[in-house]
């Protein structure tokens, strides 16, 4: 018999090998729902820009800070490690400041008086 030819019949070529494990058999079946249509959600441009600015600053800060700290600790390269660590800390600081400033604006009461409020100076 040629080893490259397929066996005829339903004979299992590897009878000692266990059946493949089915991970879906471990717990209750979870029904996934599709999310509602999010296209009608209105997000102001200021919040959108603040969010992505904080994300970018956090990524730069974490990466530069981590690489700078590792260069200082493991390689002793002060010429490259210290500026990278400083850039990372500054980026994290600016990101935190931007987050707090935007959050402060979002929680401040509106400065415009309501339409039904009486105007000053009128009797």
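The values are calculated or read from the model by the stated rules, or taken from the named source; none is laboratory data. Being a predicted model, the structure only gives us computed values, none of them experimental. In this analysis, Cβ positions are derived from the backbone assuming ideal geometry, glycine residues included, and neighbour counts consider all displayed protein chains.
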Only one residue in 74, 94 is part of a helix (DSSP H, G or I) and surrounded by 10 or more Cβ atoms within 10 Å (Cβ to Cβ), so which one is that?
94
Within the set of pairs 6 or more residues apart or between chains, which connect a residue that is more than 17 Å from residue 92 (Cβ to Cβ) inside region 62-78 to a residue that is surrounded by fewer than 16 Cβ atoms within 10 Å (Cβ to Cβ) with Cβ atoms less than 9 Å apart?
71/77; 71/78; 71/80; 71/82
Please work out which residue is modelled with the highest pLDDT, limiting yourself to region 104-123 and to residues that are out of contact with any helix residue (DSSP H, G or I) (no Cβ under 9 Å at 6 or more places or on another chain) and part of a helix (DSSP H, G or I).
104
Criterion first (closer than 30 Å to residue 105 by Cβ, touching a helix residue (DSSP H, G or I) at 6+ places or on another chain (Cβ under 6 Å), at pLDDT 85 or above and not in a loop (DSSP other than H, G, I, E, B)) does residue 67 satisfy it?
no
